[in-house]
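**Q** Can you keep this structure in mind? I'll have questions shortly.
What follows is calculated from the coordinates using simple rules that are stated; it is not laboratory data. Computed from a predicted model, the values in this text were never measured in an experiment. Cβ sites come from the backbone with ideal geometry, for glycine too, and all protein chains shown count toward neighbours.
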Ligand SMILES: [Zn+2]
Ligand SMILES: [Zn+2]
């Protein structure tokens, strides 16, 4: 399975493929712009061409984009919601320009307005963006969340609730984050708990909807609802938990990327650890 990490785009998005390869990544995740700012300079055709050529040159087999942390597609604040939708549509267009098929995002936070309203607003936001985008080149991947505060999407049931309200379900998929799932109460650490988790995912969403995995250990305990990533093997999920995932043949074609706290300083080491967990068949 392709293993990789979230790499920075400092110096330009086209620098990411080389950086990823230097860290021994087969696949990668990037932000397509500064994730803490609403606006970004438009991507030029030259940036995009260099990026795409870099993927080929450095043999990065899959890329996913994570959207900006500022975006909240469930915001009850009209102005913030409008800003979020515009920014999200822009993320979709940037992904298309870069030839990246998957855009990963946290569904949103209802900020006190209630779970049902929040779920509805997220689906409306996605329908709004998809109708304006007008192409099926970019798939929107709802990421499972830890459920901190009023953040939605911390159960397969909630994710399915959003999916069911979409005008076009075929343009959406799921990103499974190990830390978030564990903090949300899915025990991926034991083989039995992991199996049950995948079964539930399949029941609510269909395992064919799973498109990407975030590999993060968890600083918080099972069900803690804490979104605190930890280095692989040093948290509550531990190496036995990651062994369940990297040996699951149902997931073997999915891009799996690290978003662990030490970033590029430790990714090569962590990828080596993950690869050592793969059982030779
Ligand atoms: Zn994640
Ligand atoms: Zn997280």
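**Q** For the chain, state the average projected area of the convex hull of the C-alpha atoms over all orientations, rounded to one decimal in nm².
**A** Here the figure is 13.5 nm², rounded to one decimal.
**Q** Using the Kirkwood radius over Cα pairs, work out the Stokes-Einstein diffusion coefficient for segment 199-281 at 10 °C and 1.306 mPa s, in µm²/s as a whole number.
**A** Result for D is 116 µm²/s.
**Q** Given R₀ = 30 Å, what would the calculated FRET efficiency be for residue 248 paired with residue 165, taking r from the Cβ atoms and rounding to 0.05?
**A** The calculated FRET efficiency here is 0.55.
**Q** Based on Cα positions only, what radius of gyration and what Dmax would you give for segment 3-82, in angstroms?
**A** Considering segment 3-82 through its Cα atoms, Rg and Dmax are 14.4, 45 Å.
**Q** Using r as the Cβ-Cβ distance of residue 86 and residue 49, and R0 as 30 Å, what FRET efficiency do you calculate, to the nearest 0.05?
**A** So, using R0 = 30 Å, E works out to roughly 0.70.
**Q** How far apart, in nanometres, would the label points at residue 77 and residue 275 be if each is projected 7 angstrom from Cα along the Cα-to-Cβ direction?
**A** 4.5 nm
**Q** Under 8 Å for C-alpha pairs, at least 6 residues apart: give me the relative contact order for the chain, rounded to a whole percent.
**A** Dividing the mean separation by the residue count of the chain yields 18 percent.
**Q** Given q = 0.09, 0.14 Å⁻¹, what are the Debye log10 I(q)/I(0) values for segment 132-281, with equal point scatterers placed on the Cα positions and solvent ignored?
**A** Those come out to -0.27, -0.66, one per q.
**Q** Now for a separate question. Just from its helices, what would the mean residue ellipticity at 222 nm be for the chain, if runs of 4 or more DSSP H residues each count -39500 (n - 2.57) and the sum is divided by every residue, rounded to the nearest 500 deg cm²/dmol?
**A** So the helix-based figure for the chain works out to -12000 deg cm²/dmol.
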